[in-house]
Amino acid sequence: MSKARKIAFSALLAAVLFVAQVALSFLPNIEVVSILVIVSAVVFGRLTLVSIYAFALLEGLCYGFGIWWLNYCYVWAILYGIARALRRRESSFFWAVASGAFGLSFGCLCAIPYGLAGGFYAALSYWISGLPFDILHCVGNFVTALVLFKPLKQACCHIGRMLGLSK
């Protein structure tokens, strides 16, 4: 596949991530970005990393580049790294647990810039105040991964074969 086609595909994947996030933004911490990052990391590899940073850029352009935006620059990359490291796992239940754990830890991971800016207690208060949302994030991620992992992976594998991106 040519470099231009890989860039175009990465941009398209970033757009899908962004539209999926915006479409569900009215629900508190219920999202499909996590499962989309997991599946695309498993199937498309490094192209997903490019898409994650394009997605983060779109988020910043849409919502502003506040301290929260720094989180998107590393939190999604962490999920990508976990998914790449464990990519041989086929169980929907395994990915539901992993995605749920990511949702539960999201607030803690996002507290890091607040800790750097305001100290330990700023990070701790940020994390603790967000725990109810992290619990929703955990449950939402678990359910979406349990239901969507296999069909999304099959669809992405099919797309990847058509485009020459995967086996």
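Based on this model, can you work out whether residue 100 counts as farther than 16 Å from residue 37 by Cα and part of a helix (DSSP H, G or I)? For residue 100, the condition - farther than 16 Å from residue 37 by Cα and part of a helix (DSSP H, G or I) - is not met. Listed residues 17, 116, 36, 13; which is open to solvent by 60 Å² or more (accessible area, probe 1.4 Å) and assigned to a helix (DSSP H, G or I)? Residue meeting the stated conditions: 116. Scanning segment 70-111 for residues that are among the hydrophobic types (A, V, I, L, M, F, W, C) and at pLDDT below 95, we see that the one that is nearest to residue 13 (Cα to Cα) is 73.
Per the conditions (1) surrounded by 14 or more Cβ atoms within 10 Å (Cβ to Cβ); (2) closer than 19 Å to residue 151 by Cβ; (3) not hydrophobic (A, V, I, L, M, F, W, C), the sole criterion not satisfied by residue 60 is (2). Scanning segment 75-92 for residues that are assigned to a helix (DSSP H, G or I), of a type outside the set (Gly, Ala, Ser) and surrounded by fewer than 16 Cβ atoms within 10 Å (Cβ to Cβ) yields 78, 84.
Taking each residue of segment 93-111 that is open to solvent by 30 Å² or more (accessible area, probe 1.4 Å) and looking for partners that are aromatic (Phe, Trp, Tyr) with beta-carbon atoms closer than 8 Å, six or more apart or interchain, yields 97/142; 108/127; 109/74. Residue 131 fulfils the conditions (1) open to solvent by 70 Å² or more (accessible area, probe 1.4 Å); (2) more than 19 Å from residue 72 (Cβ to Cβ) except for a single criterion, (1). The set of residues in segment 112-167 being in contact with a helix residue (DSSP H, G or I) (Cβ under 9 Å, 6 or more places away or on another chain), of a type outside the set (A, V, I, L, M) and free of Cβ contacts under 8 Å to residues at least 40 places away in the same chain consists of 115, 118, 121, 125, 126, 127, 129, 130, 138, 167.
The values are calculated or read from the model by the stated rules, or taken from the named source; none is laboratory data. A quick note: this is a predicted structure, and the numbers were derived from the prediction, not measured. Don't worry about glycine lacking a Cβ; one is built from the backbone with ideal geometry, like all the others, and counts go over all protein chains shown. These area figures cover heavy atoms from the full protein model, side chains too; ligands, DNA and RNA do not enter into them. Shrake-Rupley method; radii C 1.70, N 1.55, O 1.52, S 1.80 Å.
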